[in-house]
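The values are calculated or read from the model by the stated rules, or taken from the named source; none is laboratory data. Just so you know, these numbers come straight off a predicted model, no measurement behind them. Positions of Cβ are backbone-derived with ideal geometry, glycine not excepted, and every protein chain shown enters the neighbour counts. Only protein heavy atoms, including side chains, enter the accessible area calculation; ligands, DNA and RNA are left aside. Shrake-Rupley method; radii C 1.70, N 1.55, O 1.52, S 1.80 Å.
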Amino acid sequence: MSEPDRARPPAGDAEERPGLIDAVPVRHPWRWVAVAVIAVLTAMLLNLLLTNPIYNWPFVFEAMVQEPVIRGLLIGTLGATVLGMVFGVLGGVLLAVMRLSANPVLRGVSWVYTWFFRAIPRYVLIVTMGVLGALFPEGVSLGVPFDWLIIDALGLSGDWRFVTLDAYAVFGGYFGAVLALASSEAAYMAEIARSGILSVDRGQVEAAQALGMSPGLAMRRIILPQAMRVIIPPTGNELISMLKDTSLLTGLPLTTELFFQMQSIGSRTFQTFPVLVGATLYYLALSSVLMVGQTWVERRFGRGISPSATPRRRTVVAPVASNGSGAQ
Amino acid sequence: MTSQSTPAGPPLVRAVNAIKEFGSTRVLDGIDLEVHRGEVVCLLGPSGSGKTTFLRLINQMEQLTGGRIWVDGELIGVEERGGRLHVRKDRDIARQRARIGMVFQRFNLFPHMTALENVVEAPVHVKKVKPAEARREALRLLELVGLAERADYYPSQLSGGQQQRVAIARALAMEPELMLFDEPTSALDPELVGEVLTVMRELADSGMTMIVVTHEMSFAREVADRVVFMDAGVVVEEGDPDQVLRSPREPRTRAFLDRVRREERVLEQRVARELEDLGPEPSDPS
């Protein structure tokens, strides 16, 4: 502001300084054109949605509140999303820590796991899981591995199996559904968690070590909470993908799931289109809720780092006059 | 280590022929040094002389390649069992580190915790002190470094000097026998150096054993009991600060000190010149 304002030289008194700016804003005619185009398109869309009888809105809402649909929504869609994601995240963090460990065997296992499960499409994995029972005609058991060899070698008879379950029931049911989703998710989460851990400054590890923290404690208290800031946004994406991918569970087949139940109403009543609209509305609503949740979690883990998430705390002793001096 | 007792008792830190190699580069080439309880020792020397590396060896931020370092009579990093040296387990190393406080050039405060939480963290989770008790002690330490009213601020809301003072409080919270300072004022704006040095001076006066890597010659002269001048991975000269800084015996020490003084003079002259260029009129409040 060293140059005086040439456009409007101070009137009269040479010492008068320029006051508030009252300037004509830049005009944006193209914005109005865009608004007009969008208004026409919106009108067309609304017309299509509200007047086309194929939508059959009353039927959409009726279908959405049917008991099997609600059950499918809660058990197959929301339940499998939550469980698949919880185990996927835990597995992913474990894989990431293994991948970054000093032990070459753990590093290798983590790499192979990620390589394998990232390569398989989720739908293929789910269908395979459904027929995995074929591999275990005698069922799956909990017991001593290779018990028959040991028993043979010792000259004994019988088996060392405590529980035996029907393999088709195990892998083709809800457990198989969660297992398929979680094992696939863990592979993606491993990479996300690894990049998060690597994003934390090396000095943080040193500071934690210098205070006498063990590697595990430093990981839990210092590294992971900071890594979360980098991990959460892509994990939000993963969560929404997971929600949508529960519709693939039909391939297992798991039928207590939103999309299957909506479709089956559609095929029974020949109202194919309205049920798809209903399913879309559900997925939209759930994704929106998850997005709100993500925003909240991001703020929680952004404390101290991102300005919007850092509360200006009350002071412990007494408020000091020059409160604003600290922030930079 | 009780075989011989000097007037000050056995040394708290004893390094014999400490050697550190990174790959094929020898960074430390046989350091012998003893630091006694209550002593303040400043490590001086040009960058790359190995002084920071030596400090990091004491706290096992780096692993010793050769020689031995004892802290309080206990061998660092390895232990002798059945006539052989065995590398210590992570938990054992953590235990050894817990008795040594370290202050870093770049503060390394935990950004997701407030100043108070930074100080409370290690006592509660490493030493298993009761949270309420740790909190009380932490507030006392923050008071000591003059930051009690900033206890609930996050590091990003504090100036560099304030952050470094919190870092000192955080290290003190573990009640260390020994404090290591790795160029604690090098990352600070010049006007913030003083507040950190003041805290360090008070700490030295309270009898804390300190090893300080620093470029602050006046601090070394006023506070250190002994200065150690290092160059190219060896100790060139050590002794009384007045003697080493005023009339160094070794030509390498003299050359280094001359260069530091020349740089300080050049800096002073530049500041003076810039002030002159600004002219005498008071600057416009923007």
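Summed over the stretch B:123-138, the residues that are more than 22 Å from the chain's Cα centre (by Cα) and assigned to a helix (DSSP H, G or I) give a count of 9.
Among the residues making up the stretch B:179-201, those that are of a type outside the set (S, T, N, Q) and assigned to a helix (DSSP H, G or I) are B:Pro190, B:Glu191, B:Leu192, B:Val193, B:Gly194, B:Glu195, B:Val196, B:Leu197, B:Val199, B:Met200, B:Arg201. The selection criterion, being among the charged types (D, E, K, R), closer than 23 Å to A:Gly304 by Cβ, free of Cβ contacts under 8 Å to residues at least 60 places away in the same chain and within 14 Å of another protein chain (Cβ to nearest Cβ), does not hold for A:Arg229.
Take B:Ala171 and tell me if it is under 24 Å from B:Ala15 (Cβ atoms), part of a helix (DSSP H, G or I), open to solvent by less than 40 Å² (accessible area, probe 1.4 Å) and within 14 Å of chain A (Cβ to nearest Cβ). Yes; evaluated as a whole, the condition is true for this residue. Pick from the stretch B:144-168 the residues that are outside any helix (DSSP H, G or I) and hydrophobic (A, V, I, L, M, F, W, C): which of them is farthest from the other protein chains (Cβ to nearest Cβ)? Among them, the one singled out is B:Val145. Restricting the first member to the stretch A:92-108 and to residues that are free of Cβ contacts under 8 Å to residues at least 60 places away in the same chain and open to solvent by less than 60 Å² (accessible area, probe 1.4 Å), and the second to residues that are in a helix (DSSP H, G or I) and among the charged types (D, E, K, R), the beta-carbon pairs closer than 8 Å and six or more apart or on different chains are A:Met98/A:Arg107; A:Ser101/A:Arg107.
To keep it simple, each residue is scored yes or no on (1) among the charged types (D, E, K, R); (2) at pLDDT 90 or above; (3) surrounded by 14 or more Cβ atoms within 10 Å (Cβ to Cβ).
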site	(1), (2), (3)
A:Ile54	no, no, no
A:Phe61	no, yes, no
A:Gln66	no, yes, yes
A:Leu73	no, yes, yes
A:Thr77	no, yes, yes
A:Val82	no, yes, yes
A:Met85	no, yes, yes
A:Gly88	no, yes, yes
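When each of A:Ser195, A:Ser287 is tested for being over 22 Å from B:Phe107 (Cβ atoms), open to solvent by less than 40 Å² (accessible area, probe 1.4 Å) and either of a type in the set (A, V, I, L, M, F, W, C) or assigned to a helix (DSSP H, G or I) (or both), the lone residue that passes is A:Ser287.
Considering the stretch B:78-109, the residues that are surrounded by fewer than 21 Cβ atoms within 10 Å (Cβ to Cβ) and touching a residue at least 40 places away in the same chain (Cβ under 8 Å) include one that is nearest to the other protein chains (Cβ to nearest Cβ), namely B:Ala98. Cβ-Cβ contacts under 9 Å between residues 6 or more apart (or on different chains), taken from a first residue in the stretch B:1-20 that is outside any strand (DSSP E or B) to a second residue that is modelled with pLDDT of 50 or more and loosely packed, with under 12 Cβ neighbours inside 10 Å, are listed as B:Met1/B:Gly73; B:Thr2/B:Gly73; B:Pro10/B:Gly73; B:Pro11/B:Gly73; B:Leu12/B:Gly73. Within the stretch A:201-218, being buried (at least 20 other Cβ atoms within 10 Å of the Cβ) and either in contact (Cβ under 8 Å) with a residue 60 or more places away in the chain or not in a helix (DSSP H, G or I) (or both) holds for A:Leu211, A:Gly212, A:Met213. Answer yes or no: is there a residue in the stretch B:244-262 that is surrounded by 14 or more Cβ atoms within 10 Å (Cβ to Cβ) and within 18 Å of B:Met179 (Cα to Cα). Within the stretch B:244-262, none of the residues are surrounded by 14 or more Cβ atoms within 10 Å (Cβ to Cβ) and within 18 Å of B:Met179 (Cα to Cα). Of the residues B:Val71, B:Val35, B:Val27, B:Val16, the single one that is loosely packed, with under 15 Cβ neighbours inside 10 Å and either under 21 Å from B:Arg99 (Cα atoms) or aliphatic (A, V, I, L, M) (or both) is B:Val16. Among the residues of the stretch B:64-77, are any within 14 Å of chain A (Cβ to nearest Cβ) and among the acidic types (Asp, Glu)? Looking for residues that are within 14 Å of chain A (Cβ to nearest Cβ) and among the acidic types (Asp, Glu), one finds none in the stretch B:64-77, hence no. When A:Ile192 is tested against (1) in contact with a Pro (Cβ under 7 Å, 6 or more places away or on another chain); (2) within 14 Å of chain B (Cβ to nearest Cβ); (3) not aromatic (Phe, Trp, Tyr), just one condition goes unmet, and that condition is (2). A:Ala167 - would you say it is within 23 Å of the chain's Cα centre (by Cα) and open to solvent by less than 20 Å² (accessible area, probe 1.4 Å)? No: the conditions fail for A:Ala167. Only a single item in (1) surrounded by fewer than 24 Cβ atoms within 10 Å (Cβ to Cβ); (2) outside any helix (DSSP H, G or I) is not met by B:Leu141, and it is number (2).
Test B:Val129 against the criterion of being over 18 Å from A:Ala207 (Cα atoms) and more than 13 Å from chain A (Cβ to nearest Cβ), and give yes or no. Taking the combined requirement at face value, the residue does not satisfy it. Kindly establish whether A:Leu239 is part of a helix (DSSP H, G or I), among the aliphatic types (A, V, I, L, M) and open to solvent by 10 Å² or more (accessible area, probe 1.4 Å). Yes: the conditions hold for A:Leu239.
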